[in-house]
Every structure is written in structure tokens, then in C-alpha cells.
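I have placed the structure first, in the form of C-alpha cells, so that the comments after it can refer back to it.
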Amino acid sequence: MSILVTGGAGYIGSHTCLELLNVGYEIVVIDNLSNSKLEALKRIFELTKKDFKFYQADLLDKMTLEQVFLENNIEAVIHFAGLKSVGESIEIPLHYYHNNITGTLVLCQTMRKYGVKKMVFSSSANVYGIPKNVPVTEDSPLKPTNPYGRTKLMIEEILSDLYISDNNWSIALLRYFNPIGAHESGRIGEDPNDIPNNLIPYINQVAIGIRDKLSVFGKDYDTHDGTGVRDYIHVVDLAKGHLKALEMIIPTTGIDAFNLGTGTGYSVLELIKSYENATSKKIPYTFTHRRPGDVDKSYADITKSNKMLGWKALKSLEDMCYDSWRWQKNNPNGYNEKKEKN
Ligand code: NAD
Ligand code: UFG
């Protein structure tokens with residue numbers, strides 16, 4: 001029996017594939033490589049010495065998806081494949097709705113056809129929108145403020161309806177907070193295509209000298225130092241959360257949502273300090289205006305995932321920063337041989 005990993009060549013998917021293989025799961029990966037590189041999969045093999053099947057295909061390609069289920073004995077699916085940029089989702093919403101939602105519909109239809117009814121789904125803390133209270137619990141109001149977040153919420157609702165229609169499904173909706181860091185080998189990590197939108201990839205590029213300085217978006221937020229507070233979680237801790245979710249859904253049925261974070265919020269300035277401490281690199285920055293849509297603070301209540309998944313994030317903010325830096329230092333051009341400065 002195999003676990004099908006959609007989007008397995010991506011940032012979180014590649015780290016999860018590695019953990020799955022390391023504990024003895026057989027996996028099959030499907031990815032269209034729209035936001036990832038084949039090299040990530042080669043490195044997973046290099047690190048684990050375990051072979052796995054890879055289909056370079058789009059989830060919207062029904063025929064190939066059918067072929068995947070026909071050719072393999074799939075037990076459960078971890079569904080990472082999706083587009084994830086908030087800003088881009090505002091510019092090209094139809095593309096986001098089509099890719100994320102239609103992709104999931106095609107996947108679910110195919111799963112149902114082949115009697116596979118177990119799924120771990122990559123949702124996002126983005127579904128909470130502007131949190132009324134922190135820490136954010138899973139039963140907080142769901143009010144995403146952008147098309148990307150709405151695709152995640154709509155998929156959560158589709159999966160809930162699917163479960164209502166057929167109680168044999170078993171689904172874990174994992175709401176990630178802010179994944180950062182990289183595998184301790186320094187061989188796999190986050191490799192953004194363009195100018196990074198997210199904080200750590202940007203800081204990495206400042207540290208390596210690709211960019212001159214970081215812009216800190218806003219210093220007048222309602223937080224202890226005026227900069228935005230987030231719940232950063234090490235991608236390896238996050239990957240391990242998927243294994244716990246899988247262990248939970250395989251022998252049961254039902255649908256439930258879980259926050260995956262550390263439960264602690266850090267400000268942008270605290271993150272910069274921690275990165276500097278961990279790496280001995282100076283990160284020059286200036287304050288600029290707020291980024292539209294950003295919230296003051298968002299961090300997880302992790303009581304439910306601790307209890308029900310038996311999972312807890314273990315790595316510290318300094319571990320996250322150091323591992324992010326090691327990946328960047330060892331791979332200045334990401335998975336590319338050479339990358340031009342944008
Ligand atoms: P990523 O872009 O690195 O990985 C997603 C992968 O899916 C990529 O390899 C991409 O090529 C593939 N893909 C996209 N659309 C596809 C399609 N139609 N068919 C086949 N493959 C397709 O992103 P990530 O950071 O690893 O995120 C994984 C999942 O977690 C995404 O669904 C994302 O929305 C969600 N998520 C990410 C974050 C984050 O900050 N990284 C936070 C919350 C949720
Ligand atoms: N920030 C800066 N400068 C930058 C980039 C970010 O100051 O160059 C600040 C932001 O204003 C925010 C914090 O750093 O206060 C974190 O920003 P990120 O862009 O790294 O992360 P977000 O919390 O905005 O969003 C991320 C993902 C979303 C996901 C969300 C919750 O981009 O897709 O985490 O999981 F939904």
C-alpha cells in the first residue's frame with residue numbers, strides 16, 4: 001500500500017516525503033512542477049536511498065490521475081498540490097479557484113472511484129482571516145480575506161460535504177501557521193521562484209547578499225514592538241504532523257480540523273534578532289508602510305492537535321533560522337545551477 005502525495009516536490013511536500021520514506025511508508029508523488037523542481041525529488045532519494053514513483057502531471061489531468069490510481073495500490077492521499085501566493089491570488093483569482101478547487105474535485109472524484117477515502121489536506125491559518133482572539137482555536141470564525149484563503153475554506157467545506165454524504169471518508173484538515181526552516185541536511189528547502197513575498201526567504205536572500213536590505217512592513221501594529229506577530233513553525237515539525245494525522249485517519253472515519261503551529265508568536269523584529277543570533281549574519285532593514293491585508297498577530301492554540309494527534313512542534317525559533325540559513329548558504333541559487341537576480 002502506498003501514500004499518494006500530491007505536490008510532493010514542493011517545499012512542505014518534499015520534507016513530508018522524506019519523513020514518510022524514513023519511517024518506512026511507500027509513496028507515490030504527483031506534481032506538475034509549476035512551483036518546484038525535479039531536483040528536490042532527486043535529493044529526497046539521495047537522502048533516504050529509497051525509491052518512489054513520480055508522475056509529472058497536473059491534478060486537472062483526469063486521465064493521468066486515473067492511471068496513478070490504477071497503477072498503484074493507494075491507501076491514503078496527502079494533498080499539498082495547490083497555488084499559495086496571497087498576492088497572486090488577488091491578481092489572478094480564477095486561476096487560483098480553478099487550480100486549487102477544481103484540482104481537488106478531480107482528485108476526490110478519482111479517489112471515490114477507486115475506493116480511496118482517506119485524505120490529509122493542506123489548509124492554512126489564512127482561513128481565519130483577521131483573528132478576533134489569539135491564540136486562535138479551530139472553532140474560531142472562518143473569514144478569509146483573499147481568494148487564496150477562500151480556496152482553502154471552500155475546499156474544507158467541500159470535504160465536509162463529502163464526509164456528510166459518505167461517512168466512510170476519513171479526512172484531516174491541517175491548518176498551517178507559518179512554516180519556515182529546512183531539513184538539517186541542508187539539501188532540501190524552500191526555493192521561491194521570484195522575489196520572495198515571505199519573510200524568511202527574503203531574509204535569506206539579504207543574508208546571502210542577493211538583496212541589500214529587508215523592508216519591515218509596518219511598525220505601528222498592536223503588538224509589543226509594533227511589528228507583526230506570527231507563529232513560525234519548523235517545516236520538519238510540520239512534516240511530522242502529517243505523519244501523525246495519517247496515523248489518526250487510517251484506522252478511523254470522520255473529518256476534523258487541526259492547527260499546526262508552535263503556539264508561540266514572534267514579531268518581525270524578534271525573528272530578525274533570532275536569525276542574527278543563530279547565523280552571525282547582520283540583517284539590515286528599514287521600516288516601510290504596512291502590507292495591505294496583514295494582521296497584527298496570529299498564533300495558534302495547539303491544544304487540540306497536541307491532544308488528538310499526539311503531536312507537538314519541538315524545534316526552536318533559532319533552529320528554524322539556522323536551518324533556513326544553512327539551506328540558503330549551501331544552495332545560493334536554490335535548486336537551480338544558476339539563478340539571475342530579479
Ligand atoms: P509549494 O508551492 O512549494 O508546493 C506546492 C506544490 O504543488 C508545488 O510543487 C507545485 O508544483 C504543485 N502543484 C500546484 N498545483 C498543482 C496541480 N494542479 N497539479 C499538480 N501539482 C500542482 O507550496 P508549499 O509551501 O509546499 O505548500 C504546500 C501546501 O500547503 C499548499 O497547498 C499551500 O497552500 C499550503 N500552505 C502553505 C503554507 C506556506 O506558508 N508554505 C501555509 C499554509 C498552507
Ligand atoms: N514581512 C515583512 N517584510 C517582508 C515580508 C514579510 O515585514 O518582506 C512581515 C509581514 O508583514 C508579517 C510577517 O513578516 O508580519 C510574516 O509575513 P509572511 O509573508 O512571511 O507570512 P504571512 O503571515 O503574511 O503569510 C503566510 C503565508 C500565507 C499563509 C499564512 C498563514 O504567506 O499563505 O502564512 O499560514 F496563509
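Among the strands (runs of 3 or more DSSP E) lying completely within the range 226-342, list those that include at least 2 residues that are outside the structural domain of residue 89 (by TED's automatic domain parsing), surrounded by fewer than 20 Cβ atoms within 10 Å (Cβ to Cβ) and modelled with pLDDT of 95 or more.
Numbers: elements: 232-234, 254-260, 285-288.
Ranges flagged: 285-288.
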Handout entry: Among the candidates 84, 42, residue that is under 23 Å from residue 193 (Cβ atoms) and without any contact (Cβ under 8 Å) to a residue 24 or more places away in the chain
Key = 42
Handout entry: The one condition in (1) assigned by TED's automatic domain parsing to the domain that holds residue 255; (2) away from ligand 1 (no atom under 15 Å from the Cβ) that residue 109 fails to fulfil
Key = (2)
Handout entry: Members of the range 177-210 found to be among the aromatic types (Phe, Trp, Tyr) and either more than 14 Å from the chain's Cα centre (by Cα) or surrounded by fewer than 23 Cβ atoms within 10 Å (Cβ to Cβ) (or both), listed by number
Key = 202
Practice task
Assess whether residue 172 counts as being within 16 Å of ligand 1 (Cβ to nearest atom), of a type in the set (Gly, Ala, Ser), open to solvent by less than 30 Å² (accessible area, probe 1.4 Å) and touching a residue at least 12 places away in the same chain (Cβ under 8 Å).
Solution key: yes
Handout entry: Test set (1) more than 22 Å from residue 75 (Cβ to Cβ); (2) open to solvent by 60 Å² or more (accessible area, probe 1.4 Å) - residue 125 fails condition number
Key = (2)
Completion exercise
Counted residues in the range 1-17 being crowded, with 24+ Cβ neighbours inside 10 Å, over 16 Å from residue 245 (Cβ atoms) and among the hydrophobic types (A, V, I, L, M, F, W, C) come to 1
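Filter the range 110-141 down to residues that are out of contact with any Phe, Trp or Tyr (no Cβ under 8 Å at 6 or more places or on another chain) and of a type in the set (Gly, Ala, Ser) and give me whichever is nearest to ligand 2 (Cβ to nearest atom). Walk me through how you get there before you give the answer.
Of the residues in the range 110-141, the ones out of contact with any Phe, Trp or Tyr (no Cβ under 8 Å at 6 or more places or on another chain) are 112, 115, 120-121, 127-133, 137, 139.
This time we only want the ones that are of a type in the set (Gly, Ala, Ser), so: 115, 129.
Working: 115: 32, 129: 10 Å.
Ranking the candidates gives 129 first.
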Exercise for the section: Quick one: residue 132 ticks every box in (1) surrounded by fewer than 18 Cβ atoms within 10 Å (Cβ to Cβ); (2) within 12 Å of ligand 1 (Cβ to nearest atom); (3) assigned to a loop (DSSP other than H, G, I, E, B) except a single one, so which number is it? Expected result: (2)
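The values are calculated or read from the model by the stated rules, or taken from the named source; none is laboratory data. This one's a predicted model, so the numbers in the text were calculated from it and none came from an experiment. Methodologically, a virtual Cβ is constructed for each residue, glycine included, from the backbone with ideal geometry; neighbour enumeration extends over all protein chains shown. Ligands, DNA and RNA are excluded from the accessible area calculation, which covers all protein heavy atoms including side chains. Shrake-Rupley method; radii C 1.70, N 1.55, O 1.52, S 1.80 Å.
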